[in-house]
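Presented below is the structure to which this report refers.
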Amino acid sequence: MAYSEKVIDHYNDPRNVGSFTKSDDQVGTGLVGAPECGDVMKLQIKVENEKIVDAKFKTFGCGSAIASSSLATEWVKGKTLDEALAIQNTEIVEELSLPPVKIHCSVLAEDAIKAAIQDYRKRQETSPESSASA
Amino acid sequence: MKFPIYLDYNATAPTDPRVVEVMIPYFTQTYGNAASRNHQFGWEAEQAVEKARDLLGETIGGGGREIVFTSGATESNNLAILGVADFYKEKGRHIITSPIEHKAVIDPCQALEQRGYDVTFLDVDDDGCISLEQLEKSIRPDTILVSLMAGNNEIGTLNPLEEIGKITRKHGVLFHTDATQAVGKIPLDVEQMNIDLLSFTAHKMYGPKGVGALYVRRKRPRVRLSPIMFGGGHERGMRSGTLNVPGIVGFAKALELCRDEMESEAERQIALRERLHQRLQAELDHIKLNGHPAQRLPNNLNVSFGYVEGESLIMGISDIAVSSGSACTSASLEPSYVLRALGVGDDLAHSSIRFGVGRFTTEEEIDYTADKMIFAVKRLRDMSPLYEMVQEGIDLSTVNWTSH
């Protein structure tokens, strides 16, 4: 199976690998996939004033899964939460030239972005800061 | 060192130059059809085929007249299983095999199930071993065939052929073994092991691709087969079609070389395999050997690297040719059915790599592979959320995964 140059580039030089402290109120964490399916993505965002100022990922999966999540962290940085929610998996497929058997990797990356944002928003509702001001 | 490094000898092997050399005249000079009975071209081709037939038959403990040439082990397995099933259908329609056989055994068995035959798949333990007691208990009055491989192509585990043969002989059931990975690598004797049908192929033993053979016992008992191919009645009616004379000549030469070098080569390849395994074990945690630690093919090592996915690992060692049990490397999305049958979790099945060493593998290549593997696994673990969670003390089986 031949990989596109962009997949190989992200695989060899993944952007934004790492972790933020999960308990940080500014951080939202998305964990999607399952080990028995062969891919698990953890994508984290750091948010200031509804804007994603930083992102990190860790992925267990094939080269295309690693590339999809690496690209996702690049794309969400600097976007507002609503802008990031609008990212479609098809854009990832196009950018990385993923073959049909690898489309699920892009779906997972989109899911990871959405899960991270959802987690962040949920934390804002329940965090002591917001409850104190309420 | 030459790159890429080939460590996929369980898939195929290069043709040995000594084999190529003896084949060449049969393309351009002695090119007759071995079935041509009325001229010298035919006689010479036939002579070469008969010489090869004797060598193949005798090397596995039988005789030349018990060898049927085929296009490869897949055809040999199909002929053995479908051929026996059809010929003995009045006697019974029950076959016993195992879930970790090659697809060339499992698929014809499943095709027979569709036609009303009954197939028992024996259990295998964590190492891929069957239970002889269960085998014996599974034999019924209508059992006609037991098909169990000599050495497993993925995990290397060897079946106890001699013990299996004792049981099948005692109960008057035919015993077929797919010995594709084993012939030329470990000692095999159809007499001593009571094997009635044995499939093998040239390309796994440094011969050419596209030629294989099926040993079919002629006496005590005489095994009969219905052909699956028709068109001239070659090979005593069991397999029609013009014989691949250069391939057959190369097949015999390849087996002759394997036979003469078997003992020293097995020892050398076991040492290479163990050297690689020990290096990996010494420098990486969470790794698991798949298959039996001792009862295994000399040239096979299969290891799961926990929390790292197989295909991404193969990408990280792109100058080394190995194979993975990960779903991503095959057309299906299922991880290795062999590892699954052993009870290896799907996560570890996705993380398995098969290393196959061979005649041309050097210690230098093994050391390079070990270094490269260790580096790649560590790098991927640094970006693995699973490895991170395990380091944090999280039990992954308690996580509520969102499977997709």
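The values are calculated or read from the model by the stated rules, or taken from the named source; none is laboratory data. A quick note: this is a predicted structure, and the numbers were derived from the prediction, not measured. So basically every Cβ, Gly included, is an ideal-geometry build from the backbone, and we count neighbours across all protein chains shown. Note: accessible area is taken over every heavy atom of the protein model, side chains too, but ligands, DNA and RNA are not part of it. Shrake-Rupley method; radii C 1.70, N 1.55, O 1.52, S 1.80 Å.
Quick check on chain B: of the DSSP beta bridges with both residues there, what percent are antiparallel, nearest 5%? Before the final figure, lay out the partial values.
Details: 21 of 37 bridges.
About 55 percent, rounded to the nearest 5.
Length gained on full extension, B:PHE230 to B:ILE394, computed as 0.36 nm times the residue gap minus the Cα-Cα distance: 52.9 nm.
Counts of other chain beta carbons within 10 angstrom of each beta carbon in peptide A:15-23 average 1. Amide H contacts under 5 Å for B:ILE5: B:ILE320, B:ALA321, restricted to partners 5 or more places along the chain or on a different chain, H placed in the peptide plane at 1.01 Å from N. Annotation for the A:B interface, with buried accessible surface near 2500 Å², both sides summed [1.4 Å probe; non-protein components not counted]. Each stretch of four or more DSSP H residues adds -39500 (n - 2.57); spread over every residue of chain B, this sum gives -12000 deg cm²/dmol at 222 nm. A straight line joining the Cα centroids of segment B:73-142 and segment B:196-264 runs 21 Å. Placing dummy labels 7 Å off each Cα toward the beta-carbon, the span from A:GLU74 to B:ALA11 is 3.0 nm. Per residue of A:98-106, other chain Cβ atoms within 10 Å of the residue Cβ number 1 on average. When the accessible area of the protein assembly as shown is split by element with a 1.4 Å probe, what percent falls to carbon and sulfur? Percent of accessible area from carbon and sulfur atoms in the protein assembly as shown: 50.
State which stretch of chain B is the longest one without any exposed trypsin sites (Lys or Arg not before Pro), exposure meaning a DSSP loop state and at most 16 other Cβ atoms within 10 Å. Let's see the in-between values first.
Working: sites that count: B:LYS2, B:ARG37, B:LYS89, B:LYS91, B:ARG115, B:LYS209, B:ARG218, B:LYS219, B:ARG222, B:ARG224, B:ARG236.
Segment B:237-404 is the longest.
To the nearest whole number, what is the average tally of beta carbon atoms from other chains within 10 Å of the beta carbons of peptide A:27-35? Don't jump to the answer; show the numbers that get you there.
On the way: counts 0, 0, 1, 1, 6, 5, 5, 9, 16.
Whole-number average of other-chain Cβ neighbours for A:27-35 is 5.
Taking square-rooted eigenvalues a ≥ b ≥ c of the alpha carbon gyration tensor, is segment B:17-257 rounded, prolate or oblate, where a/c under 1.5 means rounded and, failing that, a/b exceeding b/c means prolate? In terms of gyration-tensor shape, prolate. Legend: residue pairs B:LYS89/B:LYS204; B:LYS91/B:LYS219; B:LYS103/B:LYS209; A:LYS102/B:LYS204; B:LYS2/B:LYS209; B:LYS2/B:LYS204, Cα-Cα distance threshold 30 Å; pairs beyond threshold, B:LYS89/B:LYS204; A:LYS102/B:LYS204.
Most simply put, segment A:1-127 has about 95% antiparallel DSSP beta bridges, counting only bridges with both residues inside it. The residues of segment B:262-384 present an accessible area of 37 Å² per residue when probed at 1.4 Å with all protein chains retained.
Specify the longest stretch of chain B that does not include any exposed loop site, a site being one of the GluC sites (Glu not before Pro) with a non-H, G, I, E, B DSSP assignment and at most 14 other Cβ atoms within 10 Å.
Numbers: sites that count: B:GLU90, B:GLU191, B:GLU392.
It runs B:192-391.
Taking every protein chain into account, the accessible area of chain A amounts to 44 square angstrom per residue (probe 1.4 Å).
Measuring how big segment B:192-341 is from its alpha-carbon positions, Rg and Dmax come out at 20.3, 60 Å. Got a sec? Which residues of segment A:50-85 lose 10 Å² or more of accessible surface with every protein chain in place, vs. that chain alone, 1.4 Å probe? With the partner chains in place, segment A:50-85 has these residues losing at least 10 Å²: A:LYS58, A:THR59, A:PHE60, A:GLY61, A:CYS62, A:GLY63, A:ILE66.
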